[in-house]
Structure formats: C-alpha cells, structure tokens
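Engineer: Sharing a structure with you now.
Computed from the coordinates by the stated procedures, all read-outs in this text should not be read as laboratory data. Please read these numbers as outputs of a predicted model, since none were measured by experiment. Glycine gets a Cβ as well: all are built from the backbone with ideal geometry, and neighbour counts include every protein chain shown.
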Amino acid sequence: MDLGITGRRAAVAAASAGLGLGCARALVREGVHVAICGREAGRVDAAVAGLQADARGGAAVTGVVADVSTVAGATGFVTDAAAALGGVDILVTNAGGPPPGTFASTDLDAYAPALELNLLSTVAMCQAAVPAMAERGWGRVVAITSITVRQPAAMLILSNTARAGATAFLKTLATEVAPRGVTVNSVQPGLHATDRLLQLHGGDVSGVGATLPAGRVGDPDDFGAAVAFLCSQPAGFITGAALQIDGGAYPGLL
C-alpha cells in the first residue's frame with residue numbers, strides 16, 4: 001500500500017532505540033524525511049546511520065541530541081527538527097517511564113517530574129508542532145503511551161497517572177484540530193522486544209511471549225509500521241483513537 005507520505009517531514013522523539021527507532025525506520029522506508037532525538041550523541045549517530053541505510057525515496061535523516069523529559073527539551077527538539085527539515089508534518093511523541101511505585105511508597109514530590117516526563121512533554125511537543133500543521137492544512141500526531149492507560153498496572157502509579165492525562169489531552173486536541181486537516185492519535189504498546197525488555201530477561205523473551213495470546217512479544221518494526229499507517233494519507237479519517245498494540249494482552253472490550 002502506498003501511504004502517500006513520501007517527502008513529508010517527521011520528528012520522532014526518543015528514537016535512538018526501541019519503539020521510537022522502529023517508528024522512524026518505518027517512516028524513512030516510506031520516503032519520509034525524519035529527525036530523531038536521544039540523550040546520548042553516540043547512540044543518536046548510530047541510529048541515524050542505520051536509518052540512512054534503510055531510507056528510500058531520497059529520505060533524509062537528521063539526529064538531534066535532546067532530552068524530552070523536560071518541557072524545554074521537548075520544545076527544543078521540535079524546534080530543531082523543524083529547522084533541520086524545513087518544517088514538521090508528522091510528530092511522534094515518545095519518552096521513557098518514571099520510576100515504579102505504589103500510592104504508599106510514592107512521595108507527592110515525585111508526581112511533578114513524572115507529569116513533566118509523560119504528560120507535559122507531549123503537550124509541549126504538540127504546541128511546538130501542531131499550529132504550523134493546522135496552518136498548512138495537513139498534519140499527523142501519534143503519541144506513544146502505554147497499554148496501562150486502559151488497565152493501570154500495579155507498581156506504576158506515576159506512569160498510570162501521567163499517561164492517562166496525556167491521553168485525555170490528545171483526545172481533546174484531536175477534536176479541536178480535526179477541521180484543519182490534522183489527526184491526533186495515540187498508540188498503546190504492550191510487550192515488545194526492545195533493548196530494555198531483552199536486558200530484563202537475559203536476551204530471551206520467549207517465555208514472556210508465551211504468556212500473550214499472540215504467543216510472542218511484539219517487534220518494534222511491526223509497531224513502527226502501525227504508527228506509519230496512522231501517519232498516512234489513507235488514515236486521514238482516523239483521529240482521536242487510542243490503539244492498543246499488545247498481541248491481544250488487554251482483555252477488555254473497550
């Protein structure tokens with residue numbers, strides 16, 4: 001399928017590895033010019049080199065060293081991406097997660113950094129990118145959140161709280177900018193074969209995968225392909241959606 005986004009310009013946050021890198025790879029394979037970011041220059045440079053090898057249709061790849069866990073860092077990344085690419089048509093927001101904890105073990109002071117990491121950084125990136133999309137009459141925002149938005153996980157009270165807030169923000173934004181040709185969706189990953197998961201399980205995630213209905217953990221490239229579709233021209237009537245990509249792990253109807 002031709003996604004109709006060759007030549008578009010995308011900013012993909014926290015994409016030097018993992019799901020963000022899978023998204024960036026899917027987009028450059030569609031001929032999208034991509035700017036990625038990460039906190040470590042060496043990892044960003046390595047990711048850029050790999051993406052350039054995968055790029056098709058003359059897609060260019062730019063790396064930015066940025067920490068999107070803060071509002072300033074998140075805004076700066078989008079600003080730098082727009083300067084490098086000549087604008088941003090597609091925004092994929094992404095960030096790591098806050099420390100684990102329960103209500104009893106989590107101090108009130110821990111909530112503000114978590115909200116900045118997983119809620120306010122998303123708001124900041126959207127504020128930096130969406131107005132120009134709306135002016136041009138075309139844009140795509142896809143936010144990587146978590147399946148815990150649908151079913152809060154034990155020991156992750158900070159993430160559960162912040163990502164649920166981000167989902168509400170994105171749904172509200174979607175309704176406001178839909179008449180301007182901008183779609184806003186979120187994707188909710190379950191377990192995927194990222195470096196983090198592989199490290200936690202000694203490089204063998206087959207046992208974890210066997211517990212899922214799909215019988216395996218997800219592939220970051222498959223995840224990226226789903227995100228690329230939401231960024232596509234054919235997906236222009238999909239907005240305000242929150243799509244779980246979890247191999248059937250979430251058991252609920254809604």
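Engineer: Using a Förster distance of 30 angstrom, determine the FRET efficiency expected from the C-beta separation of residue 214 and residue 103, and round it to 0.05.
Structural biologist: Values: r = 32 Å, r/R0 = 1.07.
Efficiency at R0 = 30 Å is approximately 0.40.
Engineer: If you don't mind, another one. Which of the chymotrypsin sites (Phe, Trp or Tyr not before Pro) across region 201-254 are loop residues per DSSP, with 11 or fewer other Cβ within 10 Å? Present the calculation step by step, with values, prior to reporting the outcome.
Structural biologist: Numbers: sites: 223, 229, 237; in loops: 237.
Listed in order of number, the matching sites are 237.
Engineer: While we're here: Each residue of region 22-36 in order: what ³J(HN,Hα) in whole Hz does its phi give by Karplus 6.51 cos²θ - 1.76 cosθ + 1.60, θ = phi - 60°, with x for Gly and Pro?
Structural biologist: For region 22-36, the Karplus curve yields x, 5, 4, 5, 4, 6, 5, 5, 9, x, 8, 6, 10, 10, 10 Hz.
Engineer: In addition: Specify the inter-centroid distance of region 193-254 and region 141-160, based on alpha-carbon positions, in whole Å.
Structural biologist: About 14 Å separates the Cα centre of region 193-254 from the one of region 141-160.
Engineer: Which value in nm describes the separation of the simple spin-label points at residue 71 and residue 41, placed 7 Å from the Cα toward the beta carbon?
Structural biologist: Distance between the two pseudo-spin positions: 2.9 nm.
Engineer: Pulled fully out, how much extra length does the chain show between residue 155 and residue 241, if you take 0.36 nm times their separation in residues and subtract their Cα-Cα distance?
Structural biologist: On the way: separation 86, 0.36 × 86 = 30.96 nm, distance 2.64 nm.
That works out to 28.3 nm of additional length.
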